[in-house]
Every structure is written in structure tokens, then in C-alpha cells.
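Trainee: Here it is, the structure in full.
Taken together, the values in this text are just the output of simple stated rules run on the coordinates, not laboratory data. Only a predicted model underlies this, so the values are computations on that prediction, with no experimental measurement involved. Cβ: placed from backbone, ideal geometry, glycine included. Neighbour counts: every protein chain shown.
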Amino acid sequence: MDMDVRRMLVLVDVARSGSLTAAAGRLNYTVSAVSQQIGQLEAEAGQPLIERRPRGVTLTEAGRAVVRHAEKIERAVSAAHEELRDIAGLNTGTLRLGTVPTVTESFLSTAISVFRERHPAVDLRIHSTQLSGLDRLLEAREIELAITWDRDVVVDSQMTATSTELIFPDPSVLLVPSKHPLATRSSVHMEELRHEPWIIRTSPNVLSLLQTACAAAGFEPIVTFEARSYQEAQAMVAVGMGIAMVPQLSLYSLREDIRVITRISPRPPSRRIVVARRRGESLSPAGLAMSELLIETGRAWRPAQHQMK
């Protein structure tokens, strides 16, 4: 037995009003329309739900049972509307956010502080992982939003599963030990680095950027150390294990015993720091507020990055 919820709620109004005429006035219906709704509901129930009397109507036992359940539905609908209003007003809800370590260690803390100050009732959950991990989390809907990076090449955005918005470009720079022959230089040509040992952060995406840059100069990089973080890569550069090509964003904490060369030719591939979400899906109010804040905070933070030597 299937009963139409809207007709059940009409019966609730009839019960509260005590007559079809009064219920029609409350609902802004005609009396005929209310009578028709009740008749259809009785057909669905398979038994009478009201008894018509000279001065109104009363509920049958079946009618009282239907009203009891309909009032539960009414309360659930009202609670849903109230919760949706709270979510829209950022007075409740959960936001699941993904990020990569270089963002976590740089401007994300500022964005989190501002978001919590503005929206203290929103439960913020953050997952930090590498690039491929974020893609999986977005696809699996385990996070709503990600602060991540992509390559600074033209991609047909319609062919990707995510939609991105640029926060800022993150160019590649070269790290060398402070006593390296290139340490006093402000620029370098990739050809000069043909015989240098390289240090990379362990990641297929990071290795791909380096290989592309070296291939443009006609050689394959000799990788002598794979670091688990950019800070570890800096430490290995400092002790002379090799040189490293890293994103500028990773220099939020720069060692005193290494030097940075910012002008490299040909210009190596670099990254774009972006906010990413699933294509074709609208963000929740909390997700939209955080996305706007990340762009605002990231762009304001970038000029204030640690001054490179």
C-alpha cells in the first residue's frame, strides 16, 4: 500500500481544522480540491479515513493512524528545512578538505584560522596527501574541495574530472649548495647542469617535471637522492649530495647554507596552485566560502613569501 505524502499532510490539516472548508482556507485550496485529495488518499489506504458530519468531519481509527505518521513526516520535513537553513547560513555542517604538504606548510594555516573565526560552527576536516591521493579522494567523494597543483600547460578542461581555479603560479627554482660554483649566479642554462647529480622529492609527478626540463636541454638527469619532503631535499643539497629543482612554494623555510637560482633557461615546467572540485557539481555553502577564502589568502600570502637569497 503506497500513500501520497502530500495527501497525508492534507489530512493532517483537515484533522486540525475540523472541516474540509476550514482546511481548504488554510491550504488556499478549494473545498472540492481538498475533498478530492482525501478521497484519493482513502482509495490508497483502502478504507475510510474521515467521517463527514453536519458540523465538520472526524477521523476514523485508520485516519488517526495516518495522521499520526503524517505528523512525524511533517516534523522531519520541518527539521530538514531548519537544518538546510543552518547549513546555508554556515551555522552547522561538515567541510572535508584535501591539501598537499607544501600548501599545508605555507598559507593554509592562515586560511583555516580565518575560516574558523568566521564560521566556528562548521566542522572542518582536513586530509593532507600527495597529488594522486587527492585525485582519488575527490573522485570517491571523501573530500569536497582540494588545494592542489597542476602543470602550467594548456589542458582541455572538459576532458578532466575536476574543475580548477588558479590561486597563483608556482614557478620552478634551482637549489645549489652555498659553496657550489653556481652559488653566486642569478641565472643558469639547463645545458650547464648536464653532469650534475640531482635530488628530487619522491613522486612520479615531480620526477616528470625534472625529466621534461632536462630533456629540453638534451640530457637525462642523474638522480642520487629521493627525498620524502622538500625540507629533506634542502638538507641533502646543503651537504653536497646534489642540486634540486623545486617549486618556489616549497621555500617557505629556506636554509642558510643553500642558494636559490630563479632564472633558468629554457624555462622549466612549473606548477599552478589551484582549488579543485568535482566537475559539474555545486559546492556546499561551506565549500564555497572556503574556496573563496583560499584564493584570497593564497594570493595575499604569495608576495610575502620568504625572500630568496
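Trainee: Restrict the search to the stretch 174-236; then list the trypsin sites (Lys or Arg not before Pro) that DSSP places in a loop and that have at most 15 other Cβ atoms within 10 Å of their Cβ.
Mentor: Hits after loop and neighbour filter: Lys179, Arg185, Arg194, Arg228.
Trainee: Can you pull the percent of Cα pairs in the stretch 1-105 with separation above 22 Å?
Mentor: Across the stretch 1-105, Cα pairs with separations above 22 Å total 45 percent.
Trainee: Identify the trypsin sites (Lys or Arg not before Pro) of the stretch 1-64 meeting these criteria: DSSP loop state and at most 16 other C-beta atoms within 10 Å of the C-beta. Please list the in-between numbers first.
Mentor: Details: sites: Arg6, Arg7, Arg16, Arg26, Arg52, Arg55, Arg64; in loops: Arg55.
Those satisfying the criteria are Arg55.
Trainee: Still on this structure, please answer the following. Rounded, prolate or oblate: pick one for the stretch 110-208, where a ≥ b ≥ c are the square roots of the eigenvalues of its C-alpha gyration tensor, a/c under 1.5 means rounded, and failing that, prolate if a/b is larger than b/c, else oblate.
Mentor: Taking the square roots of the gyration eigenvalues as a ≥ b ≥ c, the stretch 110-208 is prolate.
Trainee: Let's see if you can work this out: charge +1 on each Lys and Arg Cβ, -1 on each Asp and Glu Cβ, no other charges. What is the dipole magnitude of the stretch 1-137 about its Cα centre, in debye to the nearest 20?
Mentor: Dipole of the stretch 1-137, to the nearest 20 debye: 360 debye.
Trainee: Mind checking which of Val206, Val260, Val31 has the largest fluctuation in a GNM of the chain, springs on alpha carbons under 10 Å?
Mentor: Of Val206, Val260, Val31, the most mobile in the Gaussian network model is Val31.
Trainee: To continue, here is another question. Hey, what does the equivalent ellipsoid look like for the chain, semi-axes from the Cα gyration tensor as sqrt of 5 times each eigenvalue, largest first, whole Å?
Mentor: 67, 18, 14
Trainee: Report the one residue of Trp198, Leu249, Gly218 whose Cα lies farthest in the direction of the positive end of the charge dipole of the stretch 172-269 (charges on C-beta: Lys and Arg +1, Asp and Glu -1; origin at the Cα centre).
Mentor: It is Leu249, whose Cα lies furthest towards the positive end.
Trainee: Across 5 Å bins from 0, what is the distribution of all Cα-Cα pair distances for the stretch 133-260, in whole percents?
Mentor: For the stretch 133-260, the binned pair fractions read 2, 10, 18, 20, 19, 12, 9, 7, 3, 0 percent.
Trainee: Ok, one more. Provide the per-residue ³J(HN,Hα) series for the stretch 126-140, in order, calculated from phi with Karplus coefficients 6.51, -1.76, 1.60 and θ = phi - 60°, each as a whole number of Hz, with x at glycine and proline positions.
Mentor: Residue by residue, the stretch 126-140 yields 10, 10, 9, 7, 7, 3, 5, x, 5, 4, 5, 5, 5, 4, 7 Hz.
Trainee: Which Cα, out of Val14, Leu41, Leu84, lies furthest along the positive dipole direction of the stretch 5-88 (beta carbon charges, K/R +1, D/E -1)?
Mentor: Val14
Trainee: Mind putting a number on the dipole of the chain about its Cα centre? Charges go on the C-beta only, +1 for Lys and Arg and -1 for Asp and Glu, and I need it in Debye to the nearest 20. Provide the component values of the computation, followed by the final result.
Mentor: On the way: 36 positive and 35 negative charges, 98 e Å.
Dipole size: approximately 480 debye.
Trainee: Let me ask something else about it. Under a crude label model (7 Å from the Cα following the beta-carbon direction), how far is Thr30 from Arg136 in nanometres?
Mentor: 6.2 nm
Trainee: So what J values fall out for the stretch 63-71 if you push phi through Karplus, 6.51 cos²θ - 1.76 cosθ + 1.60 with θ = phi - 60°, rounded to Hz, Gly and Pro as x?
Mentor: x, 5, 5, 5, 5, 4, 6, 5, 5
Trainee: Assuming R0 = 45 Å, can you tell me the calculated FRET efficiency for the pair Asn91 and Ala62, based on Cβ-Cβ distance, to the nearest 0.05?
Mentor: Values: r = 41 Å, r/R0 = 0.90.
The formula returns an efficiency of 0.65 here.
Trainee: Whose amide H sits under 5 Å from the amide H of Val173, counting only residues 5 or more places off or on another chain, with H placed in the peptide plane?
Mentor: Correct list: Val246, Gln248.
Trainee: Could you tell me the center-to-center distance, by alpha carbons, between the stretch 195-228 and the stretch 16-67 in angstrom?
Mentor: Measuring centre to centre over Cα atoms gives 77 Å.
Trainee: Can you give me the pair-distance distribution of the stretch 186-309, C-alpha pairs, 5 Å bins, whole percents?
Mentor: 2, 10, 17, 19, 18, 12, 9, 7, 5, 2, 0
Trainee: Still on this structure, I have one more. Looking at the chain only, what percent of DSSP beta bridges run antiparallel? Nearest 5 please. Don't skip to the answer; put the middle values down first.
Mentor: Details: 26 of 44 bridges.
Of those bridges, close to 60 percent are antiparallel.
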